[in-house]
Structure formats: C-alpha cells, structure tokens
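Step one of this worksheet: look at the structure below.
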Amino acid sequence: MFSVSLKAQNLKIEYQVRFNDLYDRGRSDRLHAGYLLISGGLSRYFTIEHEKYKPKNEHDILLMPDTANQVFTNMSTGMLVSQESDMRGKAFFVSDSLYPMKWEIGSEERNIDSLKCIKAECNFRGRRYIAWFATEIPLPYGPWKMGGLPGLIVDLQDADENMLVKLKTISSQEQSLTMPAVIRYSKEEHMAEIRKLISRLKDNARASSTGDCVTCQQQSVIEFFAWEKIPQ
C-alpha cells in the first residue's frame with residue numbers, strides 16, 4: 001500500500017469518498033475519489049465523482065463541478081481557502097479559519113491497513129465528526145477542511161454517515177502547489193451573502209404568490225440546504 005516513507009513531506013493521499021447528496025433529508029449516495037496533495041507546507045484537497053449526479057426533478061440543479069469540495073491550506077500563514085459556486089455555477093474562492101475545530105482525542109485505537117490510528121471527535125458547523133488519525137504520519141492534514149490533529153487523518157465521517165472518507169493509498173508526489181490568487185469573500189461575508197440570497201428568494205416567492213382561491217397555498221416554501229449549516 002505505502003510506496004514512500006511515511007514521514008515524507010510531499011505526499012499524495014487517495015481516499016474513497018461516499019457522499020449523501022440529500023444530506024439530512026433522505027439518502028442518495030454517490031461515490032467519489034478524494035485526493036489530498038501535500039507539498040512544502042501547502043495542501044490541496046479535491047474530489048472527482050465516480051457516479052454522475054442524478055437530478056430528482058426538472059428543478060434540481062447541481063452547481064458544483066467535478067472538483068467539488070476543493071480546499072487549500074497554507075501552514076505558514078494559517079490560511080484555508082475553499083471553493084464555492086454561485087447560482088450560475090461559477091466557481092470562486094472563500095477564505096476560512098484553518099482547523100478551528102476542537103478535537104476530543106480518546107484512548108480508542110485500531111489498525112487501518114498497516115497504520116496504527118487513534119480516534120478523535122469534534123463538533124464543527126452543525127455536525128459531529130469522527131476521525132481516525134495516524135501519528136506515524138506526523139502531519140496535521142486531512143480531507144476537506146478537517147485537520148489540526150497530531151497525525152494525518154486517514155478515516156473521517158460525520159455521525160449520521162452522510163459523508164464517509166476512507167484511505168485507499170499513500171504515495172509520493174512532486175507536484176508543486178500554490179494557493180488561489182483571487183479570493184472573493186471571507187467565510188463570514190459568504191454566509192452573509194447566502195442569508196441575503198435566501199431572504200430575496202423568499203421575498204420573490206411571496207410577491208409571486210396569488211390569493212385567488214381559499215384552498216391554494218398563499219406562500220411558496222423556499223428550502224436551502226448546505227453541508228455546513230448556516231446560522232440564521
């Protein structure tokens with residue numbers, strides 16, 4: 001499985017990722033390949049779908065590209081940058097806190113392939129996460145926005161199993177990494193923009209509703225689902 005020294009600084013970690021497109025509303029799981037590239041104090045995580053997204057109806061549109069959940073980190077500056085998409089599907093980048101989660105490291109251990117791993121848990125933006133990290137690889141990285149542990153995260157899932165990330169391979173890589181040059185929003189600004197969007201959609205729905213009958217619904221229902229839960 002491992003073709004490189006586990007203490008090398010230039011690594012390519014491949015994960016198998018199962019993600020529930022319906023989040024907490026039911027189940028519609030798809031498989032992805034997840035890749036974590038590490039080089040020179042920088043990292044890049046992205047996923048590529050194995051299975052195409054299947055729309056639920058004619059109004060169901062997937063905005064994110066195949067490289068969804070793209071996340072960059074810079075250890076020297078303490079910066080994390082994630083990729084988002086607007087309503088037209090155009091990608092842009094958002095700056096965020098680097099590993100703000102407060103991990104609870106337990107005493108439970110298990111072997112994942114040839115690695116001895118330790119269990120850790122945390123609450124992060126509305127969800128409970130369970131991670132297994134390997135101290136044999138003393139690098140604080142992990143899939144998606146997760147990290148900050150005294151070892152590489154090799155296994156990650158949320159408590160409701162809407163996202164499951166499993167280690168497949170670790171190899172060396174020579175690709176140099178760079179951080180995105182143009183960042184549109186901070187995380188706080190991005191959340192504020194989403195709240196404005198939800199408010200506008202609700203206002204438009206109310207304005208377009210009619211009261212011509214007693215039994216018809218007077219107000220349309222706007223639902224917006226995000227993996228990181230948006231505080232109102």
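Each reported figure results from applying straightforward, stated rules to the coordinates on display, with no laboratory input. Note that the structure is predicted; figures quoted are calculated from it, not measured. Cβ sites come from the backbone with ideal geometry, for glycine too, and all protein chains shown count toward neighbours.
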Pairs, please: C-beta under 7 Å, at least 6 apart or cross-chain, first residue basic (Lys, Arg) and in region 28-46, second in a strand (DSSP E or B)? Arg30/Phe19; Arg30/Glu49; Arg44/Leu37; Arg44/Phe72
Restricting to region 162-175, count the residues that are part of a loop (DSSP other than H, G, I, E, B) and more than 20 Å from the chain's Cα centre (by Cα). 3
